[in-house]
Amino acid sequence: MLPTDPREPMDLAARLLRFLEREDVDERRTSDELRALPVGDRVVDGECIEGAVLLRASRDGVVLRVEENHSKFREGDAIALGDGLDFANAAAFVYGRWDPNTLELRLDRDRYARGEEPLLEPGRSYVVDRRPLGLRGRLRDAVRAGLAEPSIAAVFAGAAPRSRDEARLARARVALAAAGLDQAQVEAGALAIATNDLALIQGPPGTGKTRMLAEVLRILVRAGCRIVLSAFTHRAVDNVLFALRRLDPTVPLFKTGNAGAGAEELRRQQVRLVQPNRLELPQDRGAVVAGTPFALERLPARVSFHYAVFDEAGQLPIPHAIAGMLLARRWVFVGDHRQLPPVVTAEHGDEPATRSVFEHLHEHYGATMLDRSYRMNDGVCAVIGNAFYDGRLGSAPSAASRRMRFVPGGSFDAVLDPDLGVVLARVDHLQPGNRSSEEAELVGDLVVECVRRHGVPTHEICVIAPFRAQVRLLRSALERRGITDEALVVDTVERVQGQEREVVFVSLAAGDPATLDRRASFFFSPNRLNVALSRARTKAVLVASAGAFAALPMDPIGLRAASVYKALARSLPQVDLSAVYGPRARPR
């Protein structure tokens with residue numbers, strides 16, 4: 001019988017297998033429950049898109065027009081396209097991207113799905129539903145095989161030898177410095193190139209990790225190395241491939257499995273799209289083979305690599321990483337365990353088993369951290385660095401002095417003062433749910449002030465909330481004020497990861513301490529708050545009730561997380577607007 005206390009010694013393979021089983025059971029249960037609901041209810045839950053009109057189809061997938069998309073879908077999610085009732089005959093796709101400007105949703109063909117090609121009619125309205133992926137059986141096989149390998153088992157036990165080639169290290173430092181990287185990027189990249197086993201690189205927001213990683217890959221490929229590149233999402237994989245192609249138009253690049261929403265751009269960038277069983281690498285020449293862990297797991301056993309490189313490893317579950325680690329004996333993990341963690345759907349008593357591979361390995365080995373943000377100015381970066389990176393993150397000289405456009409004399413000068421990088425705009429309320437009209441009204445007026453008085457373009461503003469209900473309320477508040485430009489992003493934290501804007505507004509929505517005591521694990525996630533605020537280049541405004549910082553969760557993890565929020569609130573300049581926007585304020 002397995003121990004129930006995660007602090008007790010337990011075989012890691014058993015813990016991961018139990019984690020995968022619970023996720024699998026939860027996925028099947030959730031799928032059955034969702035399919036029993038009416039379409040309208042699934043839409044409200046964010047698990048369905050109704051009224052998706054087919055515009056065009058190609059060998060790579062389909063494009064549909066979607067007027068509103070409040071779904072929780074992420075790139076790479078398994079999708080069923082049909083009438084919302086007959087799931088047995090729905091077409092199998094993979095979620096690509098929705099463009100809020102063109103209102104076009106891209107779904108990619110699932111090349112592993114069995115059955116006949118779907119017959120879809122242009123102009124017809126379809127329902128987009130979630131489809132169980134059913135690939136955790138393969139991940140279970142990967143866990144068993146990987147942790148049976150002594151070298152991989154040693155890595156996860158904290159016993160990796162950590163050796164490196166000193167001559168390779170010296171050459172890499174020279175080459176990376178010549179490429180114009182900063183000191184931390186040079187050292188991190190050189191250690192990755194020189195490792196004989198394991199290297200970890202932590203890349204906080206805006207620190208240029210993709211550029212650094214592309215330079216590392218270029219050097220390795222030129223040295224004749226074969227590299228497998230992986231990440232949890234197609235977008236992360238494609239970003240690195242595009243960055244590498246910009247550096248070197250001659251590097252052989254391959255992407256395997258479902259190509260993702262970037263298939264056309266990948267072809268334009270001369271990235272060869274191949275299925276795993278048809279991969280043929282050039283002889284006596286370096287190359288990069290990229291894909292998500294599910295695709296790489298299907299590569300034939302005869303294919304081996306010098307390095308396995310994992311980007312966005314802070315979102316990569318351990319089982320997915322092991323599937324890629326089996327392909328090489330040198331491993332490079334690039335990520336940030338202080339940003340969004342892996343998506344976990346089931347309830348797990350063994351919290352360490354749900355961690356990302358980066359967080360697990362960082363606990364054992366630490367990481368070389370990139371310490372200069374090229375996104376955030378000095379004011380924003382000081383707050384982010386002190387709150388989430390122990391004061392080790394600074395603003396690069398090229399970004400430090402940037403300021404938001406500002407014309408003094410407005411109604412919200414105290415909030416929008418460009419010399420205050422992050423401000424807490426308080427509107428005290430005790431809303432217990434997922435929405436606050438008080439905060440939505442304030443955010444609406446702040447956005448109007450930014451656009452119409454200070455001249456901040458709408459495409460340089462992002463409005464973020466933790467709950468989809470608040471997102472809808474915020475959009476409504478902006479529409480009533482005539483701010484309808486789809487280029488102004490209004491979305492949840494998960495949907496804005498990887499984006500950046502000049503000005504960011506974050507509405508926490510919930511303000512009842514008693515309610516928040518019970519919802520601490522979600523609401524008080526420091527990682528989510530870090531991601532939300534660090535999207536800003538020059539200005540971030542946190543809109544919240546004082547009640548949001550008064551909660552006292554009973555569980556230790558929630559209590560520690562809430563303390564981060566409280567410490568941040570105490571450190572920020574505050575502007576109390578409750579008299580105007582609070583529940584007792586006179587109608588405006």
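Against the test of being at pLDDT below 90 and either hydrophobic (A, V, I, L, M, F, W, C) or outside any helix (DSSP H, G or I) (or both), the options LEU107, LEU119 yield a single qualifying residue, LEU119. Residues in the range 363-381 that are farther than 19 Å from ALA399 by Cα, open to solvent by less than 50 Å² (accessible area, probe 1.4 Å) and assigned to a helix (DSSP H, G or I): TYR365 alone.
A count restricted to the range 407-460 and to residues that are assigned to a loop (DSSP other than H, G, I, E, B) and either farther than 21 Å from LEU568 by Cα or touching a residue at least 12 places away in the same chain (Cβ under 8 Å) (or both) stands at 24. Applying the condition of being of a type in the set (S, T, N, Q) and part of a loop (DSSP other than H, G, I, E, B) to the range 319-356 and asking which residue is most open to solvent (accessible area, probe 1.4 Å) yields THR345. I need the full set of residues from the range 89-104 which are open to solvent by 70 Å² or more (accessible area, probe 1.4 Å) and part of a strand (DSSP E or B), in order please. The one that is open to solvent by 70 Å² or more (accessible area, probe 1.4 Å) and part of a strand (DSSP E or B): ARG97.
Out of all the residues in the range 79-88, is one or more out of contact with any Lys or Arg (no Cβ under 9 Å at 6 or more places or on another chain), part of a loop (DSSP other than H, G, I, E, B), modelled with pLDDT under 90 and open to solvent by 40 Å² or more (accessible area, probe 1.4 Å)? There is at least one residue in the range 79-88 that is out of contact with any Lys or Arg (no Cβ under 9 Å at 6 or more places or on another chain), part of a loop (DSSP other than H, G, I, E, B), modelled with pLDDT under 90 and open to solvent by 40 Å² or more (accessible area, probe 1.4 Å).
What is the residue count in the range 524-570 for residues that are crowded, with 22+ Cβ neighbours inside 10 Å, over 22 Å from the mean Cα position of the chain (by Cα) and polar (S, T, N, Q)? The number of residues fulfilling the criteria is 1. For GLY137, are the conditions met, namely being exposed (fewer than 14 other Cβ atoms within 10 Å of the Cβ), under 28 Å from the mean Cα position of the chain (by Cα), modelled with pLDDT under 85 and outside any strand (DSSP E or B)? So GLY137 passes the test. Which residue is most open to solvent (accessible area, probe 1.4 Å), if the candidates are limited to the range 249-298 and must be of a type in the set (Asp, Glu) and more than 27 Å from the chain's Cα centre (by Cα)? Residue satisfying both the conditions and the ranking: ASP284.
Test SER437 against the stated conditions and say whether it is of a type in the set (Ser, Thr, Tyr), under 30 Å from GLY335 (Cα atoms), surrounded by fewer than 18 Cβ atoms within 10 Å (Cβ to Cβ) and modelled with pLDDT of 95 or more. Criteria not met by SER437.
Has the range 426-444 got any residue that is touching a Leu at 6+ places or on another chain (Cβ under 9 Å) and within 18 Å of ARG405 (Cβ to Cβ)? No: zero hits.
Screening the candidates ASP517, ASP491 for the property of being under 25 Å from ALA399 (Cβ atoms), among the acidic types (Asp, Glu) and at pLDDT below 95 yields one hit, ASP491.
For beta carbons closer than 8 Å, sequence separation of 6+ or different chains, a first residue in the range 211-231 that is surrounded by fewer than 20 Cβ atoms within 10 Å (Cβ to Cβ) and a second that is among the basic types (Lys, Arg), the qualifying pairs are GLY224/ARG285. Tell me yes or no: at least one residue of the range 94-104 is touching a Cys at 6+ places or on another chain (Cβ under 9 Å) and not β-branched (Val, Ile, Thr). Checking the range 94-104: not a single residue is touching a Cys at 6+ places or on another chain (Cβ under 9 Å) and not β-branched (Val, Ile, Thr). Among the numbered criteria (1) of a type in the set (A, V, I, L, M, F, W, C); (2) in contact with a Phe, Trp or Tyr (Cβ under 9 Å, 6 or more places away or on another chain); (3) surrounded by 19 or more Cβ atoms within 10 Å (Cβ to Cβ), which one does LEU17 miss? Among (1) of a type in the set (A, V, I, L, M, F, W, C); (2) in contact with a Phe, Trp or Tyr (Cβ under 9 Å, 6 or more places away or on another chain); (3) surrounded by 19 or more Cβ atoms within 10 Å (Cβ to Cβ), LEU17 violates only (2). Per the listing PRO513, PRO583, the residue uniquely of a type outside the set (S, T, N, Q), under 18 Å from GLN431 (Cα atoms) and in contact with a His (Cβ under 9 Å, 6 or more places away or on another chain) is PRO583. How about the range 169-184: which of its residues are open to solvent by 10 Å² or more (accessible area, probe 1.4 Å) and in contact (Cβ under 8 Å) with a residue 24 or more places away in the chain? Scanning the range 169-184 gives ALA175, ALA179, LEU181, ASP182, ALA184.
If the condition is being more than 25 Å from ASP419 (Cα to Cα) and not hydrophobic (A, V, I, L, M, F, W, C), then the range 549-588 contributes PRO553, ASP555, PRO556, GLY558, ARG560, SER563, GLY582, PRO583, ARG584, ARG586, PRO587, ARG588. Taking the conditions (1) surrounded by 19 or more Cβ atoms within 10 Å (Cβ to Cβ); (2) hydroxyl-bearing (Ser, Thr, Tyr); (3) within 20 Å of LEU20 (Cα to Cα) in turn, TYR307 satisfies each one other than (3). Among the residues of the range 447-466, those that are open to solvent by 30 Å² or more (accessible area, probe 1.4 Å), under 29 Å from the mean Cα position of the chain (by Cα) and not aliphatic (A, V, I, L, M) comprise PRO457, HIS459, GLU460. Annotation: TYR126 fulfils all but one of (1) at pLDDT 90 or above; (2) of a type in the set (Phe, Trp, Tyr); (3) closer than 30 Å to ALA301 by Cα; the unmet one is (3).
Does the range 483-496 include one or more residues that are open to solvent by less than 20 Å² (accessible area, probe 1.4 Å), touching a residue at least 12 places away in the same chain (Cβ under 8 Å) and not hydrophobic (A, V, I, L, M, F, W, C)? There is at least one residue in the range 483-496 that is open to solvent by less than 20 Å² (accessible area, probe 1.4 Å), touching a residue at least 12 places away in the same chain (Cβ under 8 Å) and not hydrophobic (A, V, I, L, M, F, W, C).
The values are calculated or read from the model by the stated rules, or taken from the named source; none is laboratory data. All values derive from a computational prediction rather than experimental measurement. Quick reminder, even Gly has a Cβ in these numbers, built from the backbone with ideal geometry, and neighbours come from all protein chains shown. Please note that ligands, DNA and RNA were not included when accessible areas were found on the heavy atoms of the full protein model with its side chains. Shrake-Rupley method; radii C 1.70, N 1.55, O 1.52, S 1.80 Å.
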